[in-house]
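The structure appears right after this line, and notes come after that.
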Amino acid sequence: MADGFEARLRAVSLRVTRPRLAVLAALRDHPHVDTDAVISLVRADLPTVSHQAVYDVLRVLTDAGLVRRIQPRGATARYETRVGDNHHHVVCRSCGAIADVACAVGHAPCLTASDDHGFVVDEAEVVYWGTCPDCSEGN
Ligand SMILES: [Zn+2]
Ligand SMILES: [Zn+2]
């Protein structure tokens, strides 16, 4: 039993495997880490797991909607298990630190397009950029 991860995997018709559970647990404990960090976290638990296995697990979990992939401009892709709440991110321009920001409105899309060109808009991708407390102290 790992915090309902087994049930979440089954709910999307995915087999429960140790690498999948390990990746979900790593992302729950360390949100917004990149692939390399996920690999080292998973290897602390499953030393023999290959890079390719972790890449595959991340792709399958992202496709299934159990993991959210975010990629701030100029950064490597990051992953998290907080999905489905349309939350946004604040990113430090200086060190790349990322924190969660609750959706400004509470549902997607939380920005109304000034002209939707006839599209049915269901999401607005919002990233807040700035300087984190650690980086602004140094200046
Ligand atoms: Zn910073
Ligand atoms: Zn997040």
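The numbers here are math on the coordinates, done by the rules we state, and not lab data. The structure displayed is predicted, hence computed values, not measured ones. Ideal geometry is used to build each Cβ from the backbone, glycine not excepted, and the neighbour counts take in all protein chains shown.
Annotation: amide H of residue 33 within the under-5 Å range of 79, sequence separation 5 or more or interchain, hydrogens built in the peptide plane. For residue 111, the amide hydrogen comes within under 5 Å of the amide hydrogens of 124, counting only partners 5 or more places away or on other chains and with H modelled in the peptide plane.
Annotation: average projected area of the chain is 10.9 square nanometres, based on the convex hull of Cα atoms across all directions. Rg ratio for the stretch 5-79: its Cα radius of gyration over 2.2 N^0.38 Å, N being its residue count, equals 1.03.
Proximity of backbone amide H atoms, modeled 1.01 Å from N, is registered between residue 97 and 92 at under 5 Å, excluding neighbours fewer than 5 places apart on the same chain. The 3J(HN,Hα) values that the Karplus relation (6.51, -1.76, 1.60; θ = phi - 60°) gives for the stretch 71-83 are, in residue order, 9, x, 3, x, 10, 6, 5, 10, 10, 7, 9, 7, 10 Hz. Gly and Pro appear as x. The value for the stretch 85-139 of Rg(Cα) / (2.2 N^0.38 Å) is 1.43.
Highest mean packing first, where packing is the average number of other Cβ atoms within 10 Å per residue, the peptides 14-26, 118-130 line up as 14-26, 118-130. The loop-placed trypsin sites (Lys or Arg not before Pro) in the stretch 53-139, going by DSSP, that have at most 11 neighbouring Cβ atoms within 10 Å of their Cβ come out as 73. Given the options 116, 100, 29, state which has the largest fluctuation in a GNM of the chain using a 10 Å cut-off (strictly under) for Cα springs. In this elastic network of the chain, the residue with the biggest mean-square fluctuation among 116, 100, 29 is 116.
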